[in-house]
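Have a look at the structure below before the remarks.
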Amino acid sequence: MTLAYGFAFLSLCVVGCFILIKYAGKIKDIVKGSIRRKIALTFAAVAFTTSAIGLYFGYLGSYHLLKTIVSESIYHESFLLSRAVERIISEEIEDVRTYTDILLPSELSKNTVSPTAGMTEREKQKYFSEMDNKWEQASPEGSLHEQYLDSDISRSLEKAVKEDTGLLELFVTDAPGGLIAASGKTSGFYQGDELWWQRAIELEKNEFFIGGIEFDDSSGAYGITAALCLYNDNGDKTGVVKAVLDAKRLFKPLQSLGADQKKRIYIIDLKGDELFSPLFEGGLAQESPVIKEQFKGLIESGKSFDTLNLKGEINAKSFVAVQKIHNDFLRSSEVKWRFVMVQKNSEVFLPLKLLLIQAAVLAIVLLILLSAGIYFLSGYLSGPIKKFNTSVSRISAGNREHRVEIHTGDEIEELADNFNKMVDALVRTTVSLDELMAEVNERKRIEGELQESREYLKQKTTDLEAALEESSKTRSRMISMLDDNNQTRLKLEQSLKELKETQKMLIQSEKLVSLGHLVSEMAHEVNNPLMIISSRIQLMQMGDLKPEDREDSLGIIEKQCYRARDIIQRLLKFSKPSTTGSEEIDVNVPIEEALNLLEHQYMLENISIERNYAKDLPPVKLNKNEIEEVFLNLMKNAAEAMPDGGKITVTTSRFKDKVRVVFKDTGEGIPQRIINNIFDPFFTTKKEGTGLGLSVCYGIIKGHRGSLDYESVKGEGTSAVITLPRADKTS
Amino acid sequence: MSKNKLLIVDDEVEISEALSIFFRNRGFDVIVENDSEKVVGVVRQEQGIDLIIMDIKMPGLSGIDIFKQIRDMNIEVPVLFLTGSIAWAKYINVLKEYGVQEYHFVDKPVTLNFLLEKVNMILKNREGPFE
């Protein structure tokens, strides 16, 4: 049995391992997560396994211990009870002997002559069969009853049966087998043909015959037949006495001797094949032939104890103990009785099973409580790690000053300290690298400056030397040159011309610098239309647009192409040398042309124009196309500053040696914070603007050696003021 | 899975429109804002913006100003700068303390599929362990 359980446990372990290996991935997923969870789950798994194994072995041990104790106790109890059975039967038989010894001899001696004395065997047979017939038909009031059942001896027998509850029946026959006296009516008159009688007549003086347990018809109860042979003083056989013992009453005292309700007691007569249970309701368990067979099997195997899976009425696994009933007279009568005691396994092990369930419930409750406890406690362990993680994230996001702050006094604190040291080292290295780079750049700059100073000094020295040489030359030539003023004037003019050339180059170079800046900005400005064009084309290629939208897209693309072209053209205009194509004209002329151009467009829809031109202005040397663009731009700006309509006043006037042009609008004015930026290339406040307009204008006016300024009063309007030199004062 | 929500900020209506067509067709939820002054308000009000694609040079507030204002309000939504400027390297220095790196900038004009890859990469990284 133990082996079977062990094997089952082992196979369970193998199946468990198999599941563990097969579903390792899934188990990993379940365990995946915070350290707290891992610790709690691991603890739960270990604790569960330990408790399960503990409970299993505890139960197994208790089971075997209990089984041993119970089997021992049942065996001993059955032994004691079998001895009790022996004693009860002995006592009852002693009682019968006493009755026969005391009652019978004196009565029988009165009537020593047998009715069959002197008869032949044939006559005897005839007599007995006649008597049997008469006995069967005899009425209770008849003479036959009076003769045999109402005699003194019969009455004393009846009295004995009444007084002794263990007796069912008591009667006496003479030596040939005919009835002499009885406690009640017997089944027949002639008893000599009965087996028990034939065995009893052969008995010695002190011997007994004991029959099997049988149902006695006349008394209606289970009875045990006991018989003995009667001898007279001369040693002759005078008759046979039969006593029927009430089996159920006989064994009643067993109940008080220790067989409680849970244990069942059986007495088996192996020879008579009968099964009798004195404590069974209904006496003989004739309805349980299967149980009988099982008991007989156990007895034949020679064992005195076993657990059997009993069938029939009990129908349960049970402990069964068997004891022989020893007695001298039983042995001489060849009666084989066995005492059997039965107790159901389930009754024995019920308390143990209840205990196991209690222990399992307690273990599960403790397991849950402990796991929860461990989960919360392990927070102390994983908390610092989480904190560490947060700090590392902050540092890795670029916060160089941040450090990990953990004071748990364990390995994590050690790790945090070392990590902080590492970060310190890294930060130091980075900082020193930055410093090094700065130093290198500073040195390069100083070297450059030094080089420039050196060259400047060299140049100065050369100039000084040249000047000295020139002065000495001049001094030597002074006298001759004084005579020739014309030559000197020519030289002066030459110098002036050179000077102007240099100045022009200087302006051009400044322009180149701002041009470089402009080109990089232009790239940015052109990239917007390019982005629009490229994304529209990509959307069309990838089929993101509906067919009806494709036409619009083509329109957008074309528009953006022109936009890019315009940006580039404006820049080209700005970079062109500005003195080509100049003519001397009245400044009112390009103004009027620009106005005409504007009025043909939608630009001036809600805006009135007031022309305030001065007559007889001196001509100005102008590049007409360029100056027209300036005027156009300024008036466009003025119009855009008045989205709800307004007035533009154009005033021209003479101002000293210059001509002044003012465009005044009635808009909101330019906010103070941006007034210094308005000439910067690409500075714009408009959604669709390029930011090039005013910077280009500024460039053009500068090219004409004029000036462009804005005056603005918040809420009243803005004036763009242009001054241009008179044509005759230009050169 | 819910849609990823993009905010596209560009003063050029045509650009923001093309981008919104592109991203909407690829399963994104797209909001567009063309006025730079309103972007911060939109970010504050809208729930669950996953990524902002933003121009830098705009009238009014620049993309850089907007970015700083958003971060100073402790809103950690990732921002991808889409700029035509060829000299955006200087902005990395300015925004270094916010963890902005070179891959947060994309040049105009851009291949839309490249932009999509970049957007997906940033969205994926955002779900990483350190965010």
All positions within the stretch B:31-76 that are free of Cβ contacts under 8 Å to residues at least 40 places away in the same chain, within 17 Å of residue B:10 (Cβ to Cβ) and assigned to a loop (DSSP other than H, G, I, E, B): B:34, B:35, B:56, B:57, B:60, B:61, B:62
Qualifying residue in the stretch A:370-384 (condition: within 14 Å of chain B (Cβ to nearest Cβ) and either under 27 Å from residue A:45 (Cβ atoms) or of a type outside the set (Lys, Arg) (or both)): no
In the stretch B:75-109, residue nearest to the other protein chains (Cβ to nearest Cβ) [restricted to those that are among the hydrophobic types (A, V, I, L, M, F, W, C), closer than 19 Å to residue A:532 by Cα and within 14 Å of the chain's Cα centre (by Cα)]: B:82
Entirely in the stretch A:149-241, the strands (runs of 3 or more DSSP E) that have 3 or more residues that are of a type outside the set (A, V, I, L, M, F, W, C): A:167-174, A:209-216, A:221-231
Some residue of the stretch A:46-53 being farther than 30 Å from residue A:171 by Cβ, touching a strand residue (DSSP E or B) at 6+ places or on another chain (Cβ under 7 Å) and either surrounded by 16 or more Cβ atoms within 10 Å (Cβ to Cβ) or of a type outside the set (Gly, Ala, Ser) (or both): no
Residue within the stretch B:26-35 that is more than 22 Å from residue B:69 (Cα to Cα) and facing chain A (nearest Cβ under 10 Å) present: yes
Qualifying position, being modelled with pLDDT under 80 and surrounded by 14 or more Cβ atoms within 10 Å (Cβ to Cβ), among A:667, A:717, A:693: A:693
Unique match (being closer than 23 Å to residue A:384 by Cα and either part of a helix (DSSP H, G or I) or modelled with pLDDT of 80 or more (or both)) among A:442, A:405: A:405
Within the stretch B:110-120, considering residues that are surrounded by 12 or more Cβ atoms within 10 Å (Cβ to Cβ) and away from chain A (no Cβ under 11 Å), the one farthest from residue A:526 (Cα to Cα): B:120
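The values are calculated or read from the model by the stated rules, or taken from the named source; none is laboratory data. Just so it is clear, the structure is predicted and the values come from calculations on it, not from any experiment. Note that each Cβ is placed from the backbone with ideal geometry, even for glycine, and that neighbours are counted across all protein chains shown.
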